[in-house]
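I have placed the structure first, in the form of structure tokens, so that the comments after it can refer back to it.
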Amino acid sequence: MRALRDIVIVAAVMAIATRFLGWWAVPIVAALAALWDRSASAGATKLAVAAAVAWGVLLLLQAVFGSSVTALARDVATSLGVPAPVPIVLTIVLPAILAASAAGVVAGVRRWRSPAAN
Amino acid sequence: MPARRNQLLTISAIALAATLYASGRGVGPVPPLGTLLDPSNGVWSAVGNAELPARATASVPGLSRDVEVRYDDRGVPHIFAQSELDAYRALGYVVARDRLFQLDIQTRAASGRLSELVGGVARALDREVRSLGMPRAALAKWRALPADGMGRRVLEAYSDGVNAYLDAIPKSAWPIEYRVLNARPARWEPLNSLHLFMRMSKILTYLPSEFERYAAQAKVGRDAATSVFPIHSRVQEPIQPNGSTAPWFDTTAIAAPGAPDTSMIARTLAAAARQFDDRETAPRFASNNWAVAPRRTRNGYALLAGDPHLELNLPSIWYEAHIVVPGVLDVYGVTIPGAPGIILGFNHDVAWSFTNTGADVIDFYQETVDDSLLPTQYRVDGSWKSVVRDVEVVRDERGNAIAVDTMLYTHRGPLAKRGNLWLSMRWIALENPLDATGFVQAAKATTARAYLDSMARYWPTPAQNMIAADRGGSIAIRSTGRYPIRPNRGDGLTIRDGSNSQNDWQGDWPLVQYPQAVDPPQGYLASANQEPIDPRRAAEYLGSADGYEVWRALQINRLLRADSAVTPDAMRGFQTDPASVRADLWMQALLEATAADTVNPPKSLREARSLLASWDRRYTKENHQAILFETALGNTTRLLWDELEDSTGGRVATPSGDVTLALVRQPNNAWWDDRATGDLHEDRDAILSHALVMAYDTLVARFGPPSGDGWRWENVRPARMNHLLQLRGFSALGVGVQGGFGTLNPSAGTGYGSSWRMVVELGPNVRAWGIYPGGQSGNPASARYRDRIAKWSNGELDSLRVPSVAADLTSPRFFLRLRAGTS
């Protein structure tokens, strides 16, 4: 339950930060969350999920209040010469990688500075 | 364990760095993924901004009173303002709201700054624009506009409106293209509209015919080149009625290929020329317009149809709008994003539309310079004059120089080197660029004649065949623009000696000499880019046959002659009429010529002839024969004009279709001989049979038997509407259309075509219909981005709503109130 709560909270922060600051808010929020939460590798996974959820929800909101996301995804994919689902999949995967790698760096630095930890 | 920790850190750091780089900078042609995919601010924000809000209020600096904008069910904004300048501020705002990226990219392209937006791929295009002196001329025009004149104030008002919209929107509302390019919209300058007009002038008047003729001379000599690149069309049915009820054909013999012209000019221009296509079916702009007097219409009111054929883009070049200023202005029609005013349209008294005149308004001069590498002076009448040097710098968004171009000018215009020659160019578009005054003032006209007179006063270029009809039942046409008088009443197909000032232009045509007609006895007027005046009556050189096309004119005149009770729906039908005079004339010759081989005709020839003979010569979507005919004509072009080929197999120039058809009536002319066969001498019949067999075999190899869907006209020659950045997903490719080259709807097979079809009936209450391919919105995620394409493809028109007061437009789709704001 605690993990789910953490994911929801971080996802909400990431979504709001993305909305107002842009994509680069994701690795920053992830890094800050990793500093806050010392649970190492499990933290990276949680943050990756939270980031994917954050962007997924933002995308869903666009679809609910705007026109068809899938139609636009198809057009963008055609323009980029990639299969139709790729833009949507990338939109979910990209923040996850950003968050996980940022958290991984924070965790790695912490371990490196404190060899006794863990 | 420590090693594993270090490994984890290293992997995470590399992954983070790579993802950050890909997200922020992009990799190769892939744009920055973070900027692109950010669901709030990236491409997906286009989904959230797809539709305009049902109700909105915005501030626009400079407004004297509030302006109300009601969008109808077709997404057309109806602007109700209390002053003209307020109306143009509002127009700037609503155009930016729907077409911001188009405004930006068109202007950057026109001002030689496209590289700033799309990078190095546009360098050549930018350099061409600059080398033609277009940005310099626009700036000079801007500086020359009187500070308190309507021309300048309209541009400033429009600019206020565009910038008010830019200031009002968050980054997330920027058009999707900026995400793809990782760029930001530029602020709008009043000068930008003048850049746009320069671009229009270039598209419509930069047609240097002399190069083709010189290049041909280098291959076949002067006599033959003059014969196949004539000044006058060989088929005549001019815009200014000549009293005849049928076209006439020039049947004089075409001079056979002769000894090459070895002069430096001819050789230089031939070396620079290459054409590989069949010119007749190559992408070309064109246009139709016609008007019918009340006595030839069923309802007894004047009718007008307009249909400019331009490059088909998404979003469309046109944006539909209605502007009302009570007691001053009530005009409906289409504007080009960036142009403050309605260009083609109607008010409650007059309707108007344009076709391109194709006049020759460019001349070149061979200059004598002091230094063949980098001239600083040129010689005129025995004295040296200084070459003006302009250094233009293209900068990126951070102000860094990304390109520097040095431009040279003589008193005539831009000076450039071609081969070993230094040529200066004189071009009317550079001397007297267009501004907005013409269409702003003419929109208030109450008669057809007043409309044309107003345009004649303010419209120097691009020369247009302007047609107008009014509620009083008058119809009128005039080829409006500035036309130069050459020395000794000469033509514009000679590169003159620049060292003699006597070779400069001697003035302009007087208005009375312009091609024109008012209420002709025939009861209708039509133009479709044909030669404006019957050469037997022309007093002066206007242009060469290279700039004209005759087939559509013949067809519309045929239709109008045959119908003495024209209805608006018949006018609509004419616009996509699939019949072709060109096909009628050719088919007769083609069947006759290929019938000569009757002893033992090859199977392909028999089948091809049989297929063509069954064709009704109509370019309907479903027919299977038009593609055979067009392919055979393309082959004929290549086989016939082989004398104009160089060693690479490309032609240095290609004569027009009316010349080719004239040769069909001269079956033993030496042009028919195929040089590749050595001593064997082919005549017309041999070449046409060969062209037809080749066409049939090629098509069967490619599409299978003629009964297959591959042969269907709509499948094999669809219209294409490319997105402004050529992004396939945002384009509409493969749109089936009825019509082909030489028909009234020549949209098939190219990225050019019918860009705004309009029919207006000038009765007590004006009624109008129109459509363009695309939609009002420039946002690819919007339902209004391509909502009109299906109807356009089917030749249908929308009924246009023309409320004179806001209250008449009930239940608007969107509502916008613009309030006076501070700058």
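Please treat every number below as a calculation from the coordinates, not as lab data. Fair warning: this is a prediction, and the values are worked out from it, not measured in the lab. Neighbour counts run over all protein chains shown; Cβ positions are idealised from the backbone, glycine included.
Only DSSP H runs of four or more residues enter the estimate; each adds -39500 (n - 2.57), and after division by the residues of chain B the mean residue ellipticity at 222 nm equals -10000 deg cm²/dmol. Tell me, what is the FRET efficiency for A:Arg5 and A:Leu32 to the nearest 0.05, using R0 = 25 angstrom and their Cβ-Cβ distance as r? Rounded to the nearest 0.05, the efficiency is 0.90.
Relative to the Cα centre, the charge distribution of the stretch B:406-458, modelled as +1 at Lys and Arg Cβ and -1 at Asp and Glu Cβ, gives a dipole magnitude of about 180 debye. For the stretch A:44-53, the Karplus equation 6.51 cos²θ - 1.76 cosθ + 1.60, evaluated at θ = phi - 60°, returns couplings of 4, 5, 4, 5, 4, 5, 4, 5, 5, 5 Hz by residue, with Gly and Pro reported as x.
Set against the 2.2 N^0.38 Å expectation for a compact globular protein, the stretch B:481-549 has a Cα radius of gyration ratio of 1.33.
How much length would be gained if the chain were fully extended between B:Ala144 and B:Asp584, taking 0.36 nm per residue of separation minus their Cα-Cα distance, in nm to one decimal?
Taking B:Ala144 through B:Asp584 to full extension adds about 153.2 nm, to one decimal.
Going through the cross-link list B:Lys141/B:Lys417; B:Lys202/B:Lys417; B:Lys202/B:Lys444; B:Lys171/B:Lys202; B:Lys141/B:Lys444, which pairs have a Cα-Cα distance over 31 Å in this structure? Mind showing how you got there, number by number?
Working: B:Lys141/B:Lys417 26 Å; B:Lys202/B:Lys417 20 Å; B:Lys202/B:Lys444 28 Å; B:Lys171/B:Lys202 34 Å; B:Lys141/B:Lys444 24 Å.
Distance filter (> 31 Å) returns B:Lys171/B:Lys202.
Counting, for every residue in B:14-21, the Cβ atoms of other protein chains within 10 Å of its Cβ and taking the mean gives 5.
Is any residue of the stretch B:171-197 close enough, with backbone N under 20 Å, to a label point placed 7 angstrom from the Cα of B:Asp396 along the Cα-Cβ axis, and if so, which? Label zone hits: B:177-187. Sorted fewest first by neighbouring Cβ atoms within 10 angstrom, B:Tyr409, B:Tyr785 come out as B:Tyr409, B:Tyr785. Placing dummy labels 7 Å off each Cα toward the beta-carbon, the span from A:Ala71 to B:Ala13 is 4.8 nm. With R₀ set to 22 Å, the beta-carbon distance separating B:Arg457 from B:Asn242 gives a calculated FRET efficiency near 0.20.
Per residue of peptide B:46-53, the mean number of Cβ atoms on other chains within 10 Å of the residue Cβ is 5. Taking the Cα centre of the stretch A:2-113 as origin and assigning +1 to Lys and Arg Cβ atoms and -1 to Asp and Glu Cβ atoms, the resulting dipole is close to 440 debye. Projected onto planes of every orientation and averaged, the convex hull of the alpha-carbon atoms in the stretch A:2-113 covers 7.6 nm². Multiplying the residue separation of B:Glu128 and B:Asn488 by 0.36 nm and subtracting their alpha-carbon distance yields 126.4 nm. Working note: Cα atoms of the protein assembly as shown, range along each principal axis, descending, whole Å: 101, 71, 69. Each Lys and Arg Cβ is given +1 and each Asp and Glu Cβ -1; about its Cα centre, the protein assembly as shown then shows a dipole of about 3440 debye.
Between B:Ser59 and B:Tyr21, the FRET efficiency from the beta-carbon distance, with R0 = 56 Å, is close to 0.85. The spacing between the stretch B:453-501 and the stretch B:31-87, judged by their C-alpha centroids, is 39 Å. Within the straight-line cut-off of under 19 Å between alpha carbons, the lysines reachable from B:Lys791 are B:Lys621, sequence neighbours fewer than 8 places apart in one chain being disregarded. With the convex hull drawn over the C-alpha atoms of the stretch A:59-118, the volume per residue is 106 Å³. Inter-chain neighbour count for B:783-790: the average number of beta-carbon atoms from partner chains within 10 Å of each residue's beta-carbon is 1. Straightening the chain between B:Ala670 and B:Ser263 buys 144.1 nm, computed as 0.36 nm per residue apart minus the Cα-Cα spacing. When B:Leu91, B:Leu797, B:Leu52 are arranged by Cβ crowding within 10 Å, least crowded first, meaning fewest neighbours, the order is B:Leu797, B:Leu52, B:Leu91. Counting neighbouring beta carbons within 10 Å and listing from fewest to most, the residues B:Ile11, B:Ile475 come out as B:Ile11, B:Ile475.
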